[in-house]
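A.B. asks: Below you will find the structure I want to go over with you.
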Amino acid sequence: MKIEHCDGAIDSRDQALSHFPDKKQATTAFAAMTARLNFLMAGRQLRNPDQMRKEGKLPNDKFFYAIKTPKRLRAYGWHSSLHKGTFFVSHYAFKKGEKLDQSDTTKVISNWWIYEKENRR
């Protein structure tokens, strides 16, 4: 499987990591997220719901997901229908709780329209 980052996703990761109280926690969260993405790229399935879970619906009635770390870093994205074998990371977020923010849903759907409907890469 291939992992693609939408425009601005890496910047959002850096922004999310800046919310951690100390550098050690940010480094641990970054390492955990990298390991999960590498696991996904290797074609393996992440455990549901503690590593990856369905978060909401996309306009095509499929789901988008949150890849989670124990340190509250999230990567939101979807399995592409247009680009087979690709998982798009829309953006990253630092989560204070478990509830999905509407702003995260809006951002994922906006990126989905760009990458799935405009055939842009």
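A.B. asks: Which residue, of 110, 81, is assigned to a loop (DSSP other than H, G, I, E, B) and over 10 Å from the mean Cα position of the chain (by Cα)?
C.D. replies: 81
A.B. asks: Let me ask something additional. For the range 11-33, name all the residues that are under 11 Å from residue 93 (Cα atoms) and part of a helix (DSSP H, G or I).
C.D. replies: Scanning the range 11-33 gives 11, 12, 13, 14, 15, 16, 17.
A.B. asks: Please specify each residue of the range 65-106 satisfying the condition of being among the charged types (D, E, K, R), under 20 Å from residue 37 (Cα atoms) and touching a strand residue (DSSP E or B) at 6+ places or on another chain (Cβ under 8 Å).
C.D. replies: Matches in the range 65-106: 68, 72, 74, 95, 104.
A.B. asks: Specify which of the listed residues (28, 69, 86) is of a type outside the set (Gly, Ala, Ser) and under 19 Å from residue 2 (Cβ atoms).
C.D. replies: Result of the check over 28, 69, 86: 86.
A.B. asks: Would you be able to tell me the number of residues in the range 77-119 that are without any contact (Cβ under 8 Å) to a residue 40 or more places away in the chain, more than 22 Å from residue 15 (Cβ to Cβ), charged (D, E, K, R) and surrounded by 11 or more Cβ atoms within 10 Å (Cβ to Cβ)?
C.D. replies: 1
A.B. asks: I've got another one for you. Of all residues being surrounded by fewer than 11 Cβ atoms within 10 Å (Cβ to Cβ) and in contact (Cβ under 8 Å) with a residue 40 or more places away in the chain in the range 22-58, which is farthest from residue 79 (Cα to Cα)? Just the residue, please.
C.D. replies: 42
A.B. asks: I'm told residue 2 meets every condition in (1) in contact (Cβ under 8 Å) with a residue 40 or more places away in the chain; (2) surrounded by 14 or more Cβ atoms within 10 Å (Cβ to Cβ) except one. Can you identify the failing condition by its number?
C.D. replies: (2) is the only condition that residue 2 fails.
A.B. asks: Evaluate the following for residue 8: is it closer than 17 Å to residue 104 by Cβ, in contact with a Ser or Thr (Cβ under 7 Å, 6 or more places away or on another chain) and not acidic (Asp, Glu)?
C.D. replies: In short, no.
None of the figures in this text is laboratory data; all of them are computed from the coordinates on show. Just so it is clear, the structure is predicted and the values come from calculations on it, not from any experiment. Quick reminder, even Gly has a Cβ in these numbers, built from the backbone with ideal geometry, and neighbours come from all protein chains shown.
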